[in-house]
Amino acid sequence: MTIANLRSALPEWAKDLSLNLSSLVRSTTLTEQQQWGTFLAAAAATRNESVLVQVAEEAKEHLSEEAVSAALGAASIMAMNNVAYRARHFLGGDYANERMGLRMNIIGSSGGVDKIDFELWSLAVSTINGCEKCVTAHDATVRGEGLSTEQVWEAVRIAATVQGAAQAIEVVETLG
C-alpha cells in the first residue's frame, strides 16, 4: 500500500487530511530522507497498523534500509523518552534532577543516519506524543545543526497530518 491508498481510504469528512497528505508528499522543503523518515517515524508513532503498513511501503522506496531502521528507532526511543520526560516535567521538584537511568544509545549513534535527520524524526514523534520538553530540545538541536523554521514546521505538519489520518482510519475501521 502507499500514501495514495491511504488517501483513498479516508472518508469524505477527512478530505482535508487527504489533500494535506497529497501536498506533503510533493513538498521539497526537506531532503527526501528527512521527508520520508518523518512520514515513517510519524506513522509508527500513531500506533495504527493500517497507517504504518501503508506509509512504510512507500517510505521504503525512498529510504535506505539503515534510514528505515533509524526512523523506526526514533519512534521507539521517543515512545519511551516522551513518557519519562513528560512525567519528570509533571512531577517537577525533587524529580527535576533525577538521572533518567534508561538506555538511549540509539540517540548518540543517530541510528546510523545523519544526526540532524534522526533528531528531526524524534521531534516529529515527540510532537505526536505531546512531550513539550522533548519537542523543544530536538528543535534546538536541529535548528543548531542548520535547519530552518520552515523545515522544522514541515516535519510538524507531516506528523500532524499522519496522526490525523490515523485517527480517521481508526474511526472508519471501528465504525465500519
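The values are calculated or read from the model by the stated rules, or taken from the named source; none is laboratory data. Source: prediction; values computed, not measured. For neighbour counting, all protein chains shown are included, and Cβ atoms are generated from backbone atoms with ideal geometry for every residue, glycine included. When the accessible area is computed, the model is the full protein with side chains, heavy atoms only, and any ligands, DNA or RNA have been set aside. Shrake-Rupley method; radii C 1.70, N 1.55, O 1.52, S 1.80 Å.
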### Summary
Of all helices (runs of 4 or more DSSP H) fully inside the stretch 96-155, the set with 2 or more residues that are under 17 Å from Gly73 (Cβ atoms), acidic (Asp, Glu) and in contact (Cβ under 8 Å) with a residue 24 or more places away in the chain is 115-129
#### Entry: Residue in the stretch 84-92 that is farther than 14 Å from Ala42 by Cβ, modelled with pLDDT of 95 or more, out of contact with any Asp or Glu (no Cβ under 7 Å at 6 or more places or on another chain) and assigned to a helix (DSSP H, G or I) present
no
### Task
For the stretch 34-82, enumerate the residues that are over 25 Å from Glu150 (Cα atoms), part of a helix (DSSP H, G or I) and polar (S, T, N, Q).
Ser50, Gln54, Ser69, Ser76, Asn81
### Message
What's the total number of residues in the stretch 48-65 that are over 12 Å from the mean Cα position of the chain (by Cα) and open to solvent by 50 Å² or more (accessible area, probe 1.4 Å)?
### Response
8
#### Entry: Out of Arg86, Arg143, sole residue that is surrounded by 14 or more Cβ atoms within 10 Å (Cβ to Cβ), among the basic types (Lys, Arg) and under 25 Å from Glu49 (Cβ atoms)
Arg86
#### Entry: Selected residue (criterion: farthest from the chain's Cα centre (by Cα)) from residues of the stretch 86-140 that are farther than 27 Å from Thr31 by Cβ and of a type in the set (Asp, Glu)
Asp94
### Message
Here's a check for you: in the stretch 3-47, which residue that is without any contact (Cβ under 8 Å) to a residue 60 or more places away in the chain and in contact with a His (Cβ under 8 Å, 6 or more places away or on another chain) is most open to solvent (accessible area, probe 1.4 Å)?
### Response
Glu32
